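Asks: The structure under discussion is supplied below as structure tokens; questions concerning it will follow.
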Amino acid sequence: MKKIIFLFFCLSFRGISFAQLSDTYYQSIVNNVSYDSVFSNLLNFENFGVKNPGSQGLNNTLNWVISKYSEYGYTDIKIDTFTHNGNYLYNVVTTKTGTLHPDIFVIIDGHYDTVFGSGTNDNGSGTSVILEIARVIKNIFTEYSLRFINFSAEEEGFLGSEHYVTYVVNPQNMQIRLVINIDEVGGVAGYSNDTVKCESDQSYPLSNNAASAAFTDTLATLTELYSPLNTKITNAYSSDYVPFQQNGEIITGYYENNASNYPHTVNDLLINLDTNYVYKIAKAATAAALYFARAYNASAGNQVIQDVSDKINVSPNPFQDKLFIKAGSNNKDYFFSLYNETGQMVMKKELYSNNLINVPPAKSSFYFYLITDNYGGVIKKGKLFRVQ
Ligand SMILES: [Zn+2]
């Protein structure tokens, strides 16, 4: 089982880069995620109309998806073809090759077919997010290869992803680090869409479930660090990650918390979802892509954590059940996040000048904390010991 604690200890041992949950370089890339770009993707997707097998809408969307990757500068764009009821169907498979592990892939996927309507939420939202990640990450170095897959015929029973696993993943003995599936992340217009579900594998086979849980916990932490969204861990089901998890791969995914009633109807439209929510998901998902593919800044080497740490004081150490945090007088918003030994976040609180924090009861053990700014940049981090 992968633990965040392990990553903290490993930071200083890595050569060309290191992966930490909160990173100013990652933040600078996440800042490039554009609301206008996400909105424009959603609008284009909607305008192609219904996208079921054999429809003109599906073919037009296919050509548009390919043209977007091409416009962003990708050259490794492959089409994975299959048939269903006499229709030719196509998965779009776009690869960004990793520098250290070119043969190990982080897959980011979502379907682009729909039923009954334009499917602007299901799954124009996921399609828009995937394209936006691809746009902002194009020229960023990653240690692992990233593969963006836009699947067809998900609505017919995950036919595109099933085909890909059977006819590409297994024959090629493809090594997959993680599959991140993004399906229906539009939220509901008029609601407060402030939470996203991070989905972990809780189905058979059981062999890959613990790893999925660990990656999903990290996905939730990244989401809260790099977007204003809250997270909820839920069961992964009924989308394109299913054929992967059944094949023993490690999966995770995003799904809207306010479940819209519009998918699979003619009213699954832009006006019925929350475009700002999709934009926030795009930021969170970009951070996840950077972190899980281990992006690094080739020109800067290791990132220097902003050092204003002397202005912030966390005491006492060891502590019993209360922590006093003096954050000084600043006009920036700071957040305090506490992680237990297994790397799980046990609390996250906004900080004021002086803060008295009650830590939930637990046995004596080590804790890690991060103090981050509004943008997820790490201001201070440290280790604390709790005594009973
Ligand atoms: Zn869907």
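Each value in this text was obtained by applying a stated rule to the coordinates, not by laboratory testing. The model shown is predicted, which means the values in this text are computed figures rather than measured ones. Here Cβ is always computed from backbone atoms with ideal geometry, including for glycine, and neighbour counts include all displayed protein chains.
Asks: For the peptides 102-112, 229-239, what is the packing order when you average, over each peptide's residues, the other Cβ atoms within 10 Å and list the highest mean first?
Replies: By packing density, highest mean first, the sequence is 102-112, 229-239.
Asks: Hey, can you rank 125-138, 59-72, 342-355 by average C-beta count inside 10 Å, highest first?
Replies: Packing proxy ranking, top to bottom: 125-138, 59-72, 342-355.
Asks: Could you pull out the pairs from Lys283/Lys326; Lys68/Lys280; Lys348/Lys383; Lys51/Lys280; Lys138/Lys283; Lys322/Lys363 whose alpha carbons sit more than 19 Å apart here?
Replies: Violating the 19 Å Cα-Cα cut-off are Lys283/Lys326; Lys68/Lys280; Lys51/Lys280.
Asks: Mean separation of Cα pairs under 8 Å and 6+ residues apart, divided by the residue count of the chain: what relative contact order is that in percent?
Replies: For the chain, the relative contact order is 20 percent.
Asks: Let me ask something else. Only helical DSSP H runs with n ≥ 4 go in: add -39500 (n - 2.57) per run for the chain, normalise by residue count and round the 222 nm mean residue ellipticity to 500 deg cm²/dmol.
Replies: The per-residue figure over the chain is -8500 deg cm²/dmol.
Asks: Let me ask something additional. So for the stretch 17-296: antiparallel DSSP bridges make up what percent, rounded to the nearest 5?
Replies: Working: 20 of 44 bridges.
The antiparallel proportion sits near 45 percent.
Asks: Okay, moving on. I'd like to compare 315-323, 181-189: which one has the highest average count of other Cβ atoms within 10 Å, and what's the full order after that?
Replies: Descending packing order for the listed peptides: 181-189, 315-323.
Asks: Quick one: which residues, 5+ away or cross-chain, put their amide H under 5 Å from the amide H of Met347? H built at 1.01 Å from N.
Replies: So Met347 has HN proximity to Leu338.
Asks: Restricting to Cα pairs below 8 Å that are 6+ residues apart, what does the relative contact order work out to for the stretch 309-386? Please round to a whole percent.
Replies: After rounding, I find 33 percent.
Asks: Can you compute 3J(HN,Hα) from phi for each residue in the stretch 100-111, using the Karplus curve 6.51 cos²θ - 1.76 cosθ + 1.60 with θ = phi - 60°, rounded to whole Hz and x for Gly and Pro?
Replies: 9, 10, x, 9, 10, 10, 9, 9, 10, 9, x, 8
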